[in-house]
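Asks: I am attaching a structure below and will ask some questions about it afterwards.
The values are calculated or read from the model by the stated rules, or taken from the named source; none is laboratory data. Bear in mind the structure is a predicted one, so any value in this text is a computation, not a measurement. A quick note on method: Cβ atoms are made from the backbone with ideal geometry, for glycine too, and the neighbour counts reach across all protein chains shown. Areas reflect the complete protein model, heavy atoms only, side chains present, ligands, DNA and RNA absent. Shrake-Rupley method; radii C 1.70, N 1.55, O 1.52, S 1.80 Å.
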Amino acid sequence: LPLWNFLQKRLEYRVEKRQDPMTESIRNIGIIAHIDAGKTSTSERFLYYSGKTHKLGEVDSGNTVMDYLDEERQRGITIVSASASFEWKLGERSHLVHLIDTPGHIDFTAEVERCLRVIDGAVVIFSGVEGVEAQSEKVWRQSEKYSLPKIAFINKLDRFGASFKRTLEQMKRKFPAKRVVPLQIPVGEEDSLSGVLDLVGLRTLRFAGDDGSAVVAEPVAAGDGPAGIWRDEMVSSLSDFSDPISEEFISSGSVSEDLLRREIRRLVIEGKIVPVLCGSAKRNIGIQPLLDAVLLYLPGPSERGGFHAFNPKTNEEMECSVADPEFRGLVFKIIASSSGDLLYMRTYSGKIKAGDTLLNPRTGEKVRGKRLLRLYARNVEQVEEAGPGDIIGVVGPSNTSTGDTLCSLHKPVSLERIVFPEPVISMAVEARSSKDKDRLEFALQTLCREDPTLFWKKSEATGQMILSGMGELHLEVSAHKLRDEFHMDFRSGEPQVAYRETLLEPCEVDGVFDRVIGENRFYAAVRVGFEPVMRLEEGIESSNAMRNAQAIPSSWTRSAEENLMNGLKTGGNWGYPLVYVRAKLLDISGNESTNDAAVAGATLDAVAKAVKTGTRILEPIVKLEITSPEQNIGDINGFLQAKRAVILGMESLPEVKRLVCEVPLSEMFGFSKSLPKLSGGRASFTMEPCGYQEVSLEVLEKKAGM
Ligand code: GDP
């Protein structure tokens with residue numbers, strides 16, 4: 001198997017045999033941070049102290065394991081950045097930690113969400129200088145959607161201008177829904193930072209040696225000093241949620257380390273508190289205690305409770321449990337190659353063995369996982385079996401995409417709702433030489449399989465290949481990958497937004513199919529109601545009468561529903577797919593000459609008739625959030641007004657303003673270059689597709705340069 005050979009060669013494959021981890025001793029974590037807060041530096045040190053790398057990488061000298069990808073620019077090396085596993089011991093007990101890479105760029109919302117789904121807890125890193133920045137705030141909120149237990153780390157406390165207290169105050173202000181509880185305070189700050197004071201264990205921790213690997217602990221007395229004041233505050237904060245802590249405090253005037261740890265763990269997992277630790281990744285201060293805290297306070301897979309899954313046929317939600325015997329796993333990342341794919345899978349319940357045949361409910365296909373791998377920073381280990389809550393690499397299944405579920409054959413469930421995001425922007429790509437055409441096609445195919453928000457097709461009109469995605473940056477990054485990872489030489493056109501159409505008015509139509517094909521005559525008629533609706537109401541359904549009608553075979557109904565969906569996608573009067581439409585199947589009539597194909601034909605006829613009643617063109621809009629120093633916000637606002645933006649709100653934060661608006665995507669091309677000019681490089685923005693709005697023909701003509 002060439003992929004396997006490749007892995008062995010590139011990753012210095014080494015058999016690392018150890019006992020299979022118990023579900024309780026697994027931690028699946030992700031690091032959430034604003035760019036530059038120190039995510040890479042911290043991850044590096046996790047791997048280093050756990051013995052998985054033998055040299056401490058320095059971000060600035062460009063030799064970190066996590067950034068290996070950039071350095072090597074070779075396909076396959078993403079292995080390292082997708083997930084790295086390592087062991088960490090708490091006392092004598094060894095734990096297996098899977099560190100999952102969270103995408104650095106917030107523009108890839110779907111990827112962020114998928115990552116938040118597969119982890120059981122997060123370490124949120126804040127810079128002690130810049131404090132809580134927009135991006136971390138946003139991901140924090142996203143993580144709340146998944147009730148993700150978190151611990152926070154205030155980094156960079158060695159830097160000039162850093163303040164533990166100020167950052168803590170900001171966190172309290174910005175995250176009022178959670179009790180933020182410091183478990184450590186820094187010893188010294190800025191230049192004089194020399195260690196951390198552990199308030200739970202009442203000791204100072206210093207990190208000796210060139211690499212900070214020797215942790216030197218020294219007990220401190222609580223007393224009246226800062227240690228006493230902060231500890232009292234911590235105990236009082238915790239006792240608001242914990243009767244055992246307040247009882248012990250009342251009866252004995254102090255609380256034992258043991259009880260504190262147990263209760264902190266419970267409260268973190270219940271989502272009541274977020275403990276705060278601190279240090280400096282660059283100066284190797286506070287990293288080992290942070291790792292201890294991951295084991296101590298973040299949950300193992302079985303402590304997260306049940307998980308949501310969906311019936312793959314009906315999309316109906318169902319509750320599943322880690323204890324269920326059926327195997328279920330979610331593919332959260334794939335590395336595709338011509339010789340086979342490597343899938344990163346989070347297992348949720350049941351066991352998977354090498355060689356097992358599983359079902360992919362999205363495609364309905366059976367697939368075989370030939371090999372199971374554990375993926376360390378640079379090594380891979382082959383394993384025969386993996387239980388629930390684990391992260392493993394699977395080699396073998398083909399035709400699998402990021403976001404797919406693989407499950408036991410006899411009980412199909414889907415872990416993600418099967419929805420396909422609509423691309424909002426596209427661009428033409430064309431190989432520079434005709435001999436590269438096939439290679440480009442293959443590269444596009446591979447890229448799209450790895451990224452479920454990216455699509456490609458061949459334009460029937462021009463024969464060009466069209467790549468579509470979620471935004472300008474998304475296409476830019478994908479084009480980059482084509483060049484750097486697939487070594488493709490190609491030309492690309494200007495990005496174009498993807499227009500849509502919707503119906504002008506509700507209508508009820510009859511679609512008919514009545515044709516002689518060969519010797520036979522085929523007949524079917526359908527009655528369908530169409531209605532332009534708001535985004536959340538769109539969809540295809542059958543009326544109750546239809547569902548209860550005994551005389552109508554279910555395969556007719558299925559064919560009609562499928563073809564309603566396909567018909568709407570094929571496009572309206574201007575050739576753009578129809579959205580914001582609800583179609584209700586009211587009746588199907590037929591006779592002995594009716595079959596599924598005739599029903600399909602009648603349905604498509606109904607769609608065509610509905611389209612003839614009139615459609616309007618819609619353009620994609622995005623939600624834009626800009627954080628900028630106060631003095632530049634006027635200029636930015638003026639710029640946006642000229643871009644047809646609708647301002648939704650303006651918020652004053654310390655020293656900066658945040659502006660939220662909706663604006664047509666077509667007006668946002670080149671915005672990442674305009675914003676620095678408007679703000680002297682001091683503003684930042686996030687942008688995500690948020691739907692469609694009507695666009696006037698006048699605007700369309702102007703855009704088309706007519
Ligand atoms: P990321 O973008 O979140 O992955 O952040 P990096 O780990 O790449 O760090 C960004 C920059 O901050 C690099 O130049 C690091 O050397 C520096 N850095 C990271 N942690 C610290 C720290 O604790 N103290 C100081 N002074 N610099 C740090």
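Asks: Go through Ile636, Pro676, Tyr692 and say which Cα lies farthest out towards the positive end of the charge dipole of segment 634-706; charges sit on Cβ, +1 for Lys and Arg, -1 for Asp and Glu.
Replies: Of the options given, the answer is Pro676.
Asks: So how strong a dipole does segment 542-606 carry about its Cα centre when Lys and Arg Cβ are +1 and Asp and Glu Cβ are -1, to the nearest 20 debye?
Replies: Computed charge dipole of segment 542-606: roughly 280 debye.
Asks: Relative to the first principal axis of the alpha-carbon coordinates of the chain, what is the inclination of helix 257-269, with its axis defined by its Cα atoms, in degrees from 0 to 90 and to the nearest 10?
Replies: 10
Asks: Give the lysines reachable from Lys609 as a straight Cα distance under 16 Å; neighbours fewer than 8 places away on the same chain don't count.
Replies: Reachable lysines: Lys569, Lys584.
Asks: Next up: So how long is each side of segment 211-263 along the principal axes, counting just the alpha-carbon atoms, biggest first, in Å?
Replies: Here the Cα extents, ordered largest to smallest, are 41, 25, 17 Å.
Asks: Now for a different question. List the relative contact order of the chain as a percent without decimals, with contacts defined as Cα pairs under 8 Å and 6+ residues apart.
Replies: Relative CO of the chain lands at 10 percent.
Asks: Separate question: Work from the charge dipole of segment 185-244 (Cβ charges, +1 for Lys and Arg, -1 for Asp and Glu, about the Cα centre) and give the residue of Val220, Val235, Leu199 farthest towards its positive end.
Replies: Final value for the positive-end residue is Val220.
Asks: How large is log10 I(q)/I(0) at q = 0.05 Å⁻¹ when the Debye formula is applied to the Cα atoms of the chain, each weighted equally and without solvent?
Replies: Log10 I(q)/I(0), no solvent term: -0.29.
Asks: So which GluC sites (Glu not before Pro) in segment 417-503 end up in coil per DSSP with only 14 or fewer other C-beta atoms within 10 Å?
Replies: Glu460
Asks: OK, next. Could you state the orientation-averaged shadow area of the convex hull built on the Cα atoms of segment 576-706, in nm² to one decimal?
Replies: Directional mean of the projected Cα hull area for segment 576-706 stands at 11.8 nm².
Asks: So, for the chain, what is the accessible surface per residue at a probe of 1.4 Å, expressed in square angstrom?
Replies: 44
Asks: Would you kindly derive the ³J(HN,Hα) couplings of segment 575-584 from the backbone phi angles with the Karplus curve 6.51 cos²θ - 1.76 cosθ + 1.60 (θ = phi - 60°), listing them in order in whole Hz, with x for Gly and Pro?
Replies: Using θ = phi - 60°, the values come out as x, 8, x, 8, 10, 6, 10, 10, 10, 10 Hz.
Asks: Select from Phe522, Met488, Met565 the residue farthest towards the positive end of the dipole of segment 465-613; place +1 on Cβ of Lys and Arg, -1 on Cβ of Asp and Glu, and compute about the Cα centre.
Replies: Phe522
Asks: Per residue of segment 488-503, what does 6.51 cos²θ - 1.76 cosθ + 1.60 with θ = phi - 60° give for ³J(HN,Hα)? Whole Hz please, x for Gly and Pro, Karplus curve as stated.
Replies: 3J(HN,Hα) across segment 488-503, in whole Hz: 9, 10, 8, 9, 10, x, 5, x, 10, 7, 9, 6, 9, 10, 9, 6.
Asks: At 0.36 nm per residue, and after removing the present C-alpha to C-alpha distance, how many nm does the segment from Lys457 to Glu144 gain when stretched out fully?
Replies: Here the segment from Lys457 to Glu144 would lengthen by 109.0 nm.
Asks: Quote the FRET efficiency, to the nearest 0.05, computed for Ala177 versus Glu592 with a Förster distance R0 of 56 Å and r equal to the Cβ-Cβ distance.
Replies: FRET efficiency, Ala177 to Glu592: 0.35.
Asks: A further question on this structure: Reachable lysines from Lys353, Cα under 20 Å, same-chain residues fewer than 8 places away excluded?
Replies: Lys17, Lys333, Lys366, Lys370, Lys411
Asks: On to the next question. Can you work out ³J(HN,Hα) from phi for every residue in segment 399-410, in order, using Karplus 6.51 cos²θ - 1.76 cosθ + 1.60 and θ = phi - 60°, giving whole Hz and x for Gly and Pro?
Replies: Once rounded to whole Hz, the list reads 6, 10, 10, 4, x, 6, 9, 10, 9, 4, 5, 8.
Asks: Still on this structure, I have one more. Kindly provide the pair-distance distribution of segment 248-345 built from C-alpha pairs, with 10 Å bins from 0 and whole-percent values in order of increasing distance.
Replies: Calculated P(r), rounded to whole percents: 11, 24, 27, 23, 11, 3, 1.
Asks: Could you pull out every residue, at least 5 positions away or on a different chain, whose amide H is within less than 5 Å of the one on Glu365? Hs are placed 1.01 Å off N in the peptide plane, and Pro or chain starts have none.
Replies: Hits under the 5 Å cutoff: Asn360.
Asks: Which FRET efficiency value, to the nearest 0.05, is calculated for Ser543 and Cys690 with the Förster distance at 41 angstrom and r the Cβ-Cβ distance?
Replies: 0.85
Asks: Further, regarding this structure: Once you compute Rg and the Kirkwood Rh from C-alpha atoms, what is the Rg to Rh ratio for segment 406-470?
Replies: 1.13
Asks: Apply 1/(1 + (r/R0)^6) to the Cβ-Cβ distance of Lys353 and Lys89, taking R0 = 22 Å, and write down the FRET efficiency to the nearest 0.05.
Replies: Working from the Cβ atoms, E equals 0.20.
Asks: How high is the relative contact order of segment 133-223, in percent, counting Cα pairs under 8 Å that sit 6 or more residues apart?
Replies: 17
Asks: With a 1.4 Å probe and every protein chain kept in, tell me what percent of the accessible surface of the chain is carbon plus sulfur.
Replies: Summing carbon and sulfur atoms, their accessible area is 50 percent of the total for the chain.
Asks: If you place +1 on the Cβ of every Lys and Arg, -1 on the Cβ of every Asp and Glu, and leave all else neutral, what size is the dipole of segment 450-572 about its Cα centre, to the nearest 20 Debye?
Replies: In total the dipole reaches around 360 debye.
Asks: Return the long-range amide H neighbours of Asn595 (sequence gap of 5 or more, or a different chain), with a cut-off of under 5 Å between placed amide H atoms.
Replies: For Asn595, whose amide H was placed from the backbone, the distant partners under 5 Å are Tyr523.
Asks: Quick one: putting +1 on the C-beta of Lys and Arg, -1 on the C-beta of Asp and Glu, what dipole do you get for segment 201-275 around its Cα centre, in Debye to the nearest 20?
Replies: 160
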